[in-house]
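Right, one structure below, let's go through it.
The values are calculated or read from the model by the stated rules, or taken from the named source; none is laboratory data. The structure presented is a predicted model; accordingly, all values stated were derived computationally and were not measured. Please note: Cβ atoms are built from the backbone with ideal geometry, for glycine as well, and neighbour counts cover all protein chains shown.
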Amino acid sequence: MTSAPDRSTQLFLVGWLRWRLFVNRLRTSTGKLNLAVQIITSAGMGLGVLGFGFALGLGSWYAISKAKPALLTTELWLVFLFWLFFPLVVSGFGAESDPVSLLRFPLRYSTFVLLALAHGVFDPVAAACLYWLATMLLGIAVASFGALAWAIPAFAGLALLNLLLNRAIYAWLSRWMAERRTREILGAMGILLAISGQFIGPLTRRYGHLALPWVSRIVLAARFLPPAIAVSTIAAGRGGSGGKACAEFAGLLIYSGILGWLLAVRLRAEYRGENLSEARRPSVEVHAPVRAGWSVTGVSPIVVALFEKDLRYLLRNIMGYLTLLMPVVVIVVATMGRRGSPHPKVTGFMLGPSTYFPMGVAYVLLTIVGLAFNSLAYDGPGLPLLFVAPIGFRDVMVAKNLLHSMILVAEVILVFVLVQFAAGPTPSRVVGLTLAGALWALLLNLTAGNLISLYFPRKMKLGQMRRQHASGLAMLGSLGVQAFVAGVAAALYFLSRWAGNTAWCGIGFLGLAGITWLAYRRVLNLVTGIAWKRREALLAELSRPD
Amino acid sequence: MTDLAVETNGLSRRFGELEAVRKVNLRVEAGQFFGFLGPNGAGKSTTIKMLTGMLEPTAGQIRILGLDLAKDPIGVKSQIGVVPEGLALFDRLTGPEYLIFAGRMYGLDRVTAAERTRELLDFMGLADRTKSLIVDYSHGMKKKLAMAAAVIHGPKVLFLDEPFEGVDAIAAGTLKAMLNRMIARGATIFLTSHVLEIVERLCSHVAIIDRGELVAQGSIDELRSGVSARREDGQKLSLEQIFLEIVGGEPAAVPELSWLE
């Protein structure tokens with residue numbers, strides 16, 4: 001008989017496991033290249049984090065030196081909200097809680113809890129927030145060393161509270177998202193929330209004055225929320241009211257205690273073996289008639305069948321088509337109330353009514369790019385059928401390109417109608433230039449997207465947003481194509497203006513579209529051979545079991 | 001001369017340093033119910049993946065119904081049906097949608113695909129789940145659906161990778177009946193299975209692969225007499241005994257684990 005290893009051994013083993021998983025991912029050249037891309041992108045973000053930390057430190061120093069507690073509170077609110085919401089925005093909502101997968105081993109409960117917390121601490125967002133809190137402490141120390149004695153426990157309490165809150169939210173979301181349907185509904189709600197966020201600006205402009213009394217009440221209530229309590233702790237301590245400072249600090253601990261209890265309830269249930277798998281409910285037997293598939297005269301029945309399959313997949317991915325709707329919503333928001341405006345003003349991201357349509361089309365194109373550069377992402381488990389069936393992969397890509405093009409056309413029409421309705425007619429010259437440019441950009445993106453989808457695919461799961469990204473190389477390729485499109489479009493536009501007739505720009509776009517069409521056809525003819533040669537890598541990446 | 005449904009010459013597959021399949025020469029005659037056996041990691045799945053075009057051989061030639069797979073992959077694929085290891089299901093379609101899709105991928109017109117879909121759903125006992133997405137099916141239901149998709153176009157050769165794994169006795173009975181009917185109509189079935197009793201009951205011929213090499217091939221009776229000739233007890237051997245004799249895995253030879261005594 002053996003006994004379970006002690007906690008430190010278990011933690012060491014889990015750390016070793018993570019390390020080996022990381023190292024083994026680097027065995028392939030794609031893995032190494034993806035890491036390189038990740039390092040480059042992280043370096044960019046790291047600079048932002050460092051810079052923001054410097055600004056926060058400076059702000060804290062100023063807030064303490066000039067006795068401006070409101071500034072310190074604002075800074076702490078920023079860190080608090082970033083820590084709370086950014087992980088959700090970046091990694092989305094997920095159903096998996098990592099330590100749960102280790103429960104088949106004799107894991108001690110204390111190890112399980114520590115692992116769940118470590119998941120929160122070793123998160124890049126948490127690391128950034130902890131660094132920011134440290135720079136703020138430094139700023140406070142420089143301004144008044146005496147304030148540091150109260151700032152350290154206050155900030156530590158706030159960090160602990162943030163960590164527990166973050167973990168509790170993830171644990172409870174995991175519970176609610178254990179089933180596919182709830183997961184999709186919550187994911188869709190998340191996207192709707194993001195979409196509704198777009199309305200805050202215009203609504204504030206229009207109805208802001210009505211909301212003012214409510215805002216002041218919220219500010220008053222915010223006094224009892226953690227960032228404000230942390231600042232009150234420091235202020236009371238500095239003012240010599242040790243008892244009040246202790247009482248304020250106790251408030252932070254009470255919050256942490258409640259959150260810790262909520263987290264413990266969930267972790268205890270998970271530890272006891274609560275089944276969070278996709279349990280099937282007994283379903284009502286349905287004997288529905290079987291309808292024949294679609295048919296389109298003049299189009300290969302195989303392409304039609306593939307198109308039908310891809311469209312059904314899209315329509316069953318609530319989050320997918322809400323993302324596709326996003327550009328349309330943004331257009332509605334951006335053009336809200338612009339019709340008949342005598343002096344169109346510069347808004348957050350649009351210059352004037354004549355640019356609404358081209359900007360809207362550019363945004364729509366960007367959403368399509370996400371699909372086109374990883375077009376096999378959702379075919380995962382079914383992909384082997386496309387290799388054992390007597391079809392060429394050319395048909396597979398044609399069907400996907402057709403679907404993406406049709407979505408683009410539908411959205412461009414919608415954007416056009418909305419812009420005309422909301423901001424007045426777009427000059428016909430602008431419409432012509434935009435459509436010619438969009439045609440070229442679409443063809444170029446489909447051509448590059450077809451190749452990148454075959455060379456750098458990344459499996460994605462429907463109805464789940466958690467940690468789902470295209471491969472780093474695909475993202476880099478897509479970025480390169482978009483930079484090329486933007487650069488060439490700008491050059492063509494300014495050259496034609498310099499020549500005195502922007503129609504040349506349109507002719508240039510159409511010429512480029514013609515050349516790109518030939519390249520697109522050429523790539524399509526190569527696609528079957530490439531897929532056949534790369535079938536092993538494609539099946540390994542896309543059809544691997546979860 | 002007999003028609004060969006599956007024929008390989010010097011079929012090999014290397015993964016870096018590892019030669020997973022080495023110079024395999026398979027001969028499967030048309031109309032045979034053929035079992036492809038081997039211990040775990042012997043090269044069964046690698047071989048079946050190469051035979052169905054999902055994996056490129058490092059060397060050697062594959063001919064299915066006389067057609068060279070490398071030269072005419074589309075011609076070969078239209079004659080075969082496959083239930084691969086992962087079942088190859090598009091799980092966000094419903095059962096009928098998937099079967100119609102699979103039928104059309106094999107060139108059936110939409111009406112025929114729909115008619116055969118109805119028939120297959122009834123046969124497989126899936127007709128009452130026509131609205132459910134495949135992702136919500138049980139494992140056994142998924143297996144039956146994958147089998148239905150593999151036969152919807154009436155293939156002449158059917159490749160099945162572990163078709164009875166995770167299937168209950170009732171469903172297994174249905175599948176066996178269907179496979180026997182296909183054999184009666186002249187189709188060839190090539191299956192891998194770990195359940196040797198099933199192989200013995202269904203298959204007329206078997207081949208055994210061990211460590212990437214084909215170590216035996218022929219009818220079960222031929223293999224039995226070959227092995228019996230080497231033994232002195234004269235008893236009639238089961239396929240399991242033949243298998244263990246050939247791959248050298250006699251239970252008595254298994255060493256004991258010191259901490260399990």
The lone condition A:Gly500 fails out of (1) on the phi > 0 side of the Ramachandran plot; (2) touching a Ser or Thr at 6+ places or on another chain (Cβ under 9 Å) is (2)
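Conditions tested, residue by residue: (1) in a strand (DSSP E or B); (2) modelled with pLDDT under 85; (3) charged (D, E, K, R).
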| residue | (1), (2), (3) |
| --- | --- |
| B:Leu179 | no, no, no |
| B:His194 | no, yes, no |
| B:Ile198 | no, no, no |
| B:Ile208 | yes, no, no |
| B:Val227 | no, yes, no |
| B:Arg230 | no, yes, yes |
| B:Leu237 | no, yes, no |
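For A:Leu78, indicate whether it is out of contact with any helix residue (DSSP H, G or I) (no Cβ under 7 Å at 6 or more places or on another chain) and surrounded by fewer than 17 Cβ atoms within 10 Å (Cβ to Cβ).
Details: out of contact with any helix residue (DSSP H, G or I) (no Cβ under 7 Å at 6 or more places or on another chain): yes; surrounded by fewer than 17 Cβ atoms within 10 Å (Cβ to Cβ): yes.
Yes, satisfied.
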Sole miss for B:Glu29 among (1) more than 9 Å from every other protein chain (Cβ to nearest Cβ); (2) buried (at least 23 other Cβ atoms within 10 Å of the Cβ) is condition (2)
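Listed here are the residues, each with its yes/no results for (1) modelled with pLDDT under 80; (2) more than 10 Å from chain B (Cβ to nearest Cβ); (3) buried (at least 19 other Cβ atoms within 10 Å of the Cβ); (4) more than 35 Å from the chain's Cα centre (by Cα).
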position	(1), (2), (3), (4)
A:Glu274	yes, yes, no, no
A:Arg280	yes, no, no, no
A:Pro289	yes, no, no, yes
A:Leu325	yes, yes, no, no
A:Met336	yes, yes, no, no
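Does A:Thr516 satisfy the criteria of being more than 22 Å from A:Met460 (Cα to Cα), touching a residue at least 24 places away in the same chain (Cβ under 8 Å), away from every other protein chain (no Cβ under 14 Å) and crowded, with 17+ Cβ neighbours inside 10 Å? It would help to see each step written out before you state the result.
Details: more than 22 Å from A:Met460 (Cα to Cα): yes; touching a residue at least 24 places away in the same chain (Cβ under 8 Å): yes; away from every other protein chain (no Cβ under 14 Å): yes; crowded, with 17+ Cβ neighbours inside 10 Å: yes.
Yes.
Here's the yes/no breakdown for (1) crowded, with 23+ Cβ neighbours inside 10 Å; (2) more than 14 Å from chain B (Cβ to nearest Cβ); (3) touching a residue at least 60 places away in the same chain (Cβ under 8 Å); (4) assigned to a helix (DSSP H, G or I):
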{"position": "A:Pro384", "(1), (2), (3), (4)": "yes, no, yes, yes"}
{"position": "A:Val396", "(1), (2), (3), (4)": "yes, no, yes, yes"}
{"position": "A:Val412", "(1), (2), (3), (4)": "no, yes, no, yes"}
{"position": "A:Val419", "(1), (2), (3), (4)": "yes, yes, yes, yes"}
{"position": "A:Ala422", "(1), (2), (3), (4)": "no, yes, yes, yes"}
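What number of residues in the range A:256-269 are of a type outside the set (Val, Ile, Thr) and over 29 Å from the mean Cα position of the chain (by Cα)?
Here is the first cut: in the range A:256-269, the residues of a type outside the set (Val, Ile, Thr) are A:256-257, A:259-264, A:266-269.
In the following step, the residues that additionally are over 29 Å from the mean Cα position of the chain (by Cα) were identified as A:257, A:261, A:268-269.
The number of residues fulfilling the criteria is 4.
Applying the selection to the range A:358-381, what residues are small (Gly, Ala, Ser), out of contact with any His (no Cβ under 7 Å at 6 or more places or on another chain) and at pLDDT 90 or above? Even if it seems obvious, please write down each step before you answer.
From the range A:358-381, those small (Gly, Ala, Ser) are A:360, A:362, A:370, A:372, A:375, A:377, A:380; that's our starting set.
With out of contact with any His (no Cβ under 7 Å at 6 or more places or on another chain) added as a condition, the list becomes A:360, A:362, A:370, A:375, A:377, A:380.
The answer is A:Ala362, A:Ser375.
Residues are listed down the side, and each one gets a yes or a no for (1) part of a helix (DSSP H, G or I); (2) basic (Lys, Arg); (3) within 14 Å of chain B (Cβ to nearest Cβ):
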residue: A:Thr355; (1), (2), (3): yes, no, no
residue: A:Met359; (1), (2), (3): yes, no, no
residue: A:Ala362; (1), (2), (3): yes, no, no
residue: A:Val369; (1), (2), (3): yes, no, no
residue: A:Ser375; (1), (2), (3): no, no, no
residue: A:Tyr378; (1), (2), (3): yes, no, yes
residue: A:Pro390; (1), (2), (3): no, no, yes
residue: A:Asn401; (1), (2), (3): yes, no, no
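Scan the range B:101-141 for residues that are farther than 19 Å from A:Ala288 by Cα, facing chain A (nearest Cβ under 10 Å) and within 26 Å of the chain's Cα centre (by Cα) and report the count.
Going residue by residue through the range B:101-141, those that are farther than 19 Å from A:Ala288 by Cα are B:102-109, B:138-140.
Of the ones still in play, those that are also facing chain A (nearest Cβ under 10 Å) are B:102-109, B:138.
Then keep just the ones that are within 26 Å of the chain's Cα centre (by Cα); that gives B:102-108, B:138.
Number satisfying all stated conditions: 8.
This table checks each residue for (1) assigned to a loop (DSSP other than H, G, I, E, B); (2) within 22 Å of B:Gly125 (Cβ to Cβ); (3) facing chain A (nearest Cβ under 10 Å).
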residue: B:Thr46; (1), (2), (3): no, no, no
residue: B:Gly53; (1), (2), (3): yes, no, yes
residue: B:Gln61; (1), (2), (3): no, no, no
residue: B:Gly81; (1), (2), (3): no, yes, yes
residue: B:Leu89; (1), (2), (3): yes, yes, yes
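Please verify whether B:Gly53 is at pLDDT below 95, closer than 17 Å to B:Val28 by Cβ and in contact with a helix residue (DSSP H, G or I) (Cβ under 7 Å, 6 or more places away or on another chain), treating the condition exactly as stated.
The answer is yes for B:Gly53.
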Of (1) surrounded by fewer than 14 Cβ atoms within 10 Å (Cβ to Cβ); (2) touching a Ser or Thr at 6+ places or on another chain (Cβ under 7 Å), A:Lys68 fails just (2)
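Restricting attention to the range B:105-137, which residues are without any contact (Cβ under 8 Å) to a residue 40 or more places away in the chain, outside any helix (DSSP H, G or I) and not aliphatic (A, V, I, L, M)?
Of everything in the range B:105-137, those that are without any contact (Cβ under 8 Å) to a residue 40 or more places away in the chain, outside any helix (DSSP H, G or I) and not aliphatic (A, V, I, L, M) turn out to be B:Asp109, B:Asp128, B:Arg129, B:Thr130, B:Lys131, B:Ser132.
Look at A:Ala490 and say whether it is surrounded by fewer than 19 Cβ atoms within 10 Å (Cβ to Cβ), among the aliphatic types (A, V, I, L, M) and either under 30 Å from A:Leu314 (Cα atoms) or modelled with pLDDT of 90 or more (or both). I'd like the intermediate steps shown before the answer.
On the way: surrounded by fewer than 19 Cβ atoms within 10 Å (Cβ to Cβ): yes; among the aliphatic types (A, V, I, L, M): yes; either under 30 Å from A:Leu314 (Cα atoms) or modelled with pLDDT of 90 or more (or both): yes.
Yes, satisfied.
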Screening A:Leu161, A:Leu225 for residues that are surrounded by fewer than 17 Cβ atoms within 10 Å (Cβ to Cβ), at pLDDT 80 or above and either aliphatic (A, V, I, L, M) or more than 27 Å from A:Thr73 (Cβ to Cβ) (or both) leaves only A:Leu225
State whether the residues of the range A:519-536 include one that is within 32 Å of the chain's Cα centre (by Cα), without any contact (Cβ under 8 Å) to a residue 24 or more places away in the chain and surrounded by 13 or more Cβ atoms within 10 Å (Cβ to Cβ).
yes
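For A:Ser42, indicate whether it is within 29 Å of the chain's Cα centre (by Cα) and assigned to a helix (DSSP H, G or I). Lay out the reasoning, then the answer.
Values: within 29 Å of the chain's Cα centre (by Cα): yes; assigned to a helix (DSSP H, G or I): yes.
When the stated conditions are applied, A:Ser42 passes them.
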All-but-one check, A:Thr135 against (1) of a type in the set (Ser, Thr, Tyr); (2) within 25 Å of A:Pro87 (Cα to Cα); (3) modelled with pLDDT under 70, failing number (3)
When (1) in contact with a helix residue (DSSP H, G or I) (Cβ under 6 Å, 6 or more places away or on another chain); (2) at pLDDT below 85; (3) within 14 Å of chain B (Cβ to nearest Cβ) are applied to A:Leu306, the one that fails is (2)
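Quick one: would you say B:Gly95 is facing chain A (nearest Cβ under 10 Å) and either of a type in the set (Ser, Thr, Tyr) or touching a Leu at 6+ places or on another chain (Cβ under 7 Å) (or both)?
Numbers: facing chain A (nearest Cβ under 10 Å): yes; either of a type in the set (Ser, Thr, Tyr) or touching a Leu at 6+ places or on another chain (Cβ under 7 Å) (or both): yes.
Yes; evaluated as a whole, the condition is true for this residue.
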Exception for B:Phe159 within (1) surrounded by fewer than 22 Cβ atoms within 10 Å (Cβ to Cβ); (2) more than 8 Å from chain A (Cβ to nearest Cβ); (3) not in a helix (DSSP H, G or I) falls at (1)
